[in-house]
1. Would you mind working out the magnitude of the charge dipole of the stretch 17-156 relative to its Cα centre, with +1 at each Lys and Arg C-beta and -1 at each Asp and Glu C-beta, to the nearest 20 Debye?
2. Would you mind getting me the FRET efficiency between residue 330 and residue 68? Use the beta-carbon distance for r and R0 = 30 Å, nearest 0.05.
3. Grab the Cα-Cα distance for residue 230 and residue 296, subtract it from 0.36 nm times how many residues apart they are, and report the gain in nm with one decimal.
4. Quick one: dipole size for the stretch 213-326, taken about the Cα centre, charges +1 on Lys/Arg Cβ and -1 on Asp/Glu Cβ, in debye to the nearest 20.
5. Go ahead and collect, in residue order, the members of the stretch 29-54 whose backbone nitrogen is under 17 Å from a label point 7 Å along the Cα-Cβ direction of residue 190.
6. Kindly rank 78-84, 201-207 from highest to lowest mean number of other beta carbons found within 10 Å of each residue.
7. Using 1/(1 + (r/R0)^6) with R0 = 22 angstrom and r between the beta carbons of residue 250 and residue 50, what's the FRET efficiency to the nearest 0.05?
8. Which ordering of 227, 303, 15 is given by a fewest-first count of other beta-carbon atoms within 10 Å?
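What follows is calculated from the coordinates using simple rules that are stated; it is not laboratory data. Everything numeric in this text was worked out from a predicted model, so none of it was measured. In this analysis, Cβ positions are derived from the backbone assuming ideal geometry, glycine residues included, and neighbour counts consider all displayed protein chains.
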Amino acid sequence: MDRKKPYIAVILIQSIYAGMFLLSKAAFDVGMNTFVFVFYRQAAATVFLAPLAMFFEWKNAPPLSFVTFCKIFMLSLCGITLSLNFYGIGLIYTSASLAAAATNCLPVITFFFSVLFRMEVLRLRTIPGITKVAGIAICMAGAATIALYRGPYMKLLPHHHLLGHHNSQEHQVHVSHGTKWIKGCLLMLISNIFWGLWLVLQARVMKSYPAKLLFTTLQCFLSSIQSFVIAIALERNPYEWKLGWNVRLLAVAYCGIVVTGVTYYLQAWVIEKKGPVFLAMSTPLALVFTIFSSAFLLGETISLGNVLGGILLVGGLYSVLWGKSKEQKMDDGICLTADQKESSESEQEIATKIPPSLPV
């Protein structure tokens, strides 16, 4: 069961992200400012996590040096504040499904940064290494299929938006082929570059500050301050800062408490156990969940391209995971052989030092 926990965790993480895509898009469609939204979700996450961090980890927390604090500040700025703000603007120009599809370049970005920082080894002369590269290529092909190929449409439910916001298929097709869609994809790409860099560098910073809950809380707190500075500089209208009992409050509470509060902690745990590439390679699941959730909850139609792209994404995901598991077994076998050899040499040295016993 311990071996299955990381897999269960990434499935839960991507399910939560699918809900984030849907609720965020719904909030932006009714006119919520993206910069204000990012501030509120980070503030909600900080309020939710701070008491838990104080109760569970404050007494046993390692000392926080100034250098480590600066690293966490930059992590929060790049990986959370800038990434979420670029993501929010990009989501306005696209749709929930397209936003989820854009995140599938994250595995390639994360893998590139991991190789660049020598955290991941690319062995092109081995079958597992070739399988990992092929899996990434399949994931990219799946994302491209969903973004570029439509095909026949399959309507699962009557076309009705759960939150009462009309979003017709014709409007989606029009936006996806316009200049707004191109801008949205570019902003999503920039957001994922920051996100991938955050995933990789987070693993290094956690080595000097392993208290995951405090680490996550501190990132949320710093990101709240950074997001507030950006939001107050770009949005001065008091009406845009008001939250009522509507989809805006629901999206802020969900993204702040569930996504930022719970998911960031789970991500830190998965990165510690399996590494950043393992987490990044689970992102295609969020797209699959988003497509079918949009169909059942928002009444959107599913195209043949979405189905084929989803199949390719899942196939590429398991291809990479298979390659990583085989490489892990190979590394474990090499380490075991080296330990056995070292143990055998030690026994031989001890045997040569012990004098033969005298006959009685």
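1. Details: 10 positive and 3 negative charges, 70 e Å.
Computed charge dipole of the stretch 17-156: roughly 340 debye.
2. Details: r = 34 Å, r/R0 = 1.14.
Computed FRET efficiency for residue 330 and residue 68: 0.30.
3. On the way: separation 66, 0.36 × 66 = 23.76 nm, distance 3.58 nm.
Computed gain between residue 230 and residue 296 is 20.2 nm.
4. Numbers: 7 positive and 4 negative charges, 57 e Å.
That gives a dipole near 280 debye.
5. Residues 34-36, 38 qualify, since their backbone N sits under 17 Å from the label point.
6. Working: 78-84: 22.6, 201-207: 16.1.
Result, highest mean Cβ count within 10 Å first: 78-84, 201-207.
7. Values: r = 22 Å, r/R0 = 1.00.
Step by step, r from the Cβ atoms, then E = 0.50.
8. Working: 227 26, 303 20, 15 16.
Lowest count first: 15, 303, 227.
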